[in-house]
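Participant: The following block contains the structure, expressed as structure tokens.
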Amino acid sequence: MRLTKFTDLALRAVMRLAVRKEGELVTTREVAQVMGVPYAHMAKAVTRLQHLGVVEARRGRGGGLGLTVLGRRASIGWLVRELEGEEEVVTCEGDVPCPLRAACRLRGSLREAQEAFYGALDPITVAQLVDSPTGPVLLGLTPGRRPD
Ligand code: SF4
């Protein structure tokens, strides 16, 4: 099982925002820079997180990105399911559909394995992800020159 790059970027953004200090201005560009990823890719991930109600953008003085209450309490299993969508780990119905797809036991087993993967992430919250040592490392990251 492999997460999409999109999901990985969204989880990185969530972790960065989870250690945001009161009054600290955090922008999508800053998150992209400290995580070493292109701004456009991070912007898409942040937009999706906003649609999910996990991240909010505050305007004006003291504004910037922040986690919502839902974002702080969210289960990583739920979040990863939302970000990954309904994709199965194998493509049975593609341009050239697999001839076994109507009666394949492997497909069912892979679905169960995928659910077990998500299930292992269900008890983990965003807040737990930034416990030490991750949180202190996140706070020590500084924006550098990164690809746009
Ligand atoms: S063998 Fe089964 S799991 Fe693999 S592509 Fe075919 S239907 Fe899907």
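Participant: May I ask for the angle, rounded to the nearest 10°, between helix 39-51 and the longest principal axis of the chain, with both axes built from Cα atoms and the value confined to 0 to 90°?
Facilitator: 80
Participant: Determine the dipole magnitude for the chain: charges of +1 sit on the beta-carbon of Lys and Arg, -1 on that of Asp and Glu, nothing else is charged, the reference point is the Cα centre, and the result goes in debye to the nearest 20. List each step's numbers first, then the result.
Facilitator: Values: 21 positive and 17 negative charges, 110 e Å.
Magnitude of the dipole: close to 520 debye.
Participant: I've got another one for you. Highest mean first, what order results for 52-60, 21-29 on Cβ atoms within 10 Å? Could the numbers behind the result be given before it?
Facilitator: On the way: 52-60: 14.7, 21-29: 12.7.
Packing order, densest peptide first, comes out as 52-60, 21-29.
Participant: Assuming 0.36 nm per residue, please report the length gained on full extension of the stretch Q50 to S75 beyond their Cα-Cα distance.
Facilitator: On the way: separation 25, 0.36 × 25 = 9.00 nm, distance 1.59 nm.
Computed gain between Q50 and S75 is 7.4 nm.
Participant: List every residue whose amide H lies under 5 Å from the amide H of V26, counting only residues 5 or more places away in sequence or on a different chain, with H placed 1.01 Å from N in the peptide plane.
Facilitator: Amide H to amide H, under 5 Å and 5 or more residues apart or across chains, V26 pairs with L65.
Participant: State whether region 43-127 is rounded, prolate or oblate according to the following rule on the C-alpha gyration tensor (a ≥ b ≥ c being the square roots of its eigenvalues): a/c under 1.5 gives rounded; otherwise a/b larger than b/c gives prolate, and the remaining case gives oblate.
Facilitator: Numbers: a/c = 6.01, a/b = 2.22, b/c = 2.71.
Cα axes put region 43-127 in the oblate bin.
Participant: Give me the extension gain from R111 to E87: residue separation times 0.36 nm, minus the current Cα-Cα distance, reported in nm with one decimal. Working shown, then result.
Facilitator: On the way: separation 24, 0.36 × 24 = 8.64 nm, distance 1.01 nm.
That pair, R111 and E87, stretches by 7.6 nm at full extension.
Participant: Based on DSSP H runs of at least 4 residues, each adding -39500 (n - 2.57), what is the mean residue ellipticity at 222 nm of the chain after dividing by all its residues, to the nearest 500 deg cm²/dmol?
Facilitator: On the way: 8 runs with 77 residues, N = 148.
Calculated from helices alone, the mean residue ellipticity at 222 nm is -15000 deg cm²/dmol.
Participant: For region 78-102 and region 37-59, what is the separation of their C-alpha centers, rounded to whole Å?
Facilitator: Value for the Cα centre distance between the two parts: 25 Å.
Participant: A follow-up question, please. For the chain, modelled as a GNM with alpha-carbon contacts under 10 angstrom, which of P97, P133, P38 fluctuates the most?
Facilitator: Ranking P97, P133, P38 by mean-square fluctuation puts P97 first.
Participant: In terms of modelled amide H atoms, which long-range or inter-chain residues lie less than 5 Å from the amide H of T125?
Facilitator: Residues meeting the amide H criterion: I76.
Participant: At a Förster distance of 30 Å, what's the computed FRET efficiency of A127 paired with M1, Cβ-Cβ distance as r, to 0.05? Provide the component values of the computation, followed by the final result.
Facilitator: On the way: r = 24 Å, r/R0 = 0.80.
Approximately 0.80, to the nearest 0.05.
Participant: Hey, what do the phi angles of region 112-122 turn into as Karplus ³J(HN,Hα) couplings, whole Hz, using 6.51/-1.76/1.60 and θ = phi - 60°, x for Gly and Pro?
Facilitator: Once θ is set to phi - 60°, the couplings for region 112-122 become 5, 5, 5, 5, 5, 4, 5, x, 5, 8, 4 Hz.
Every number here is computed from the coordinates shown, using simple stated rules; none is lab data. As the structure is a computational prediction, the values presented were derived from the model and not from experiment. No Cβ is skipped: glycine too gets one built from the backbone with ideal geometry, and neighbour counts run over all protein chains shown.
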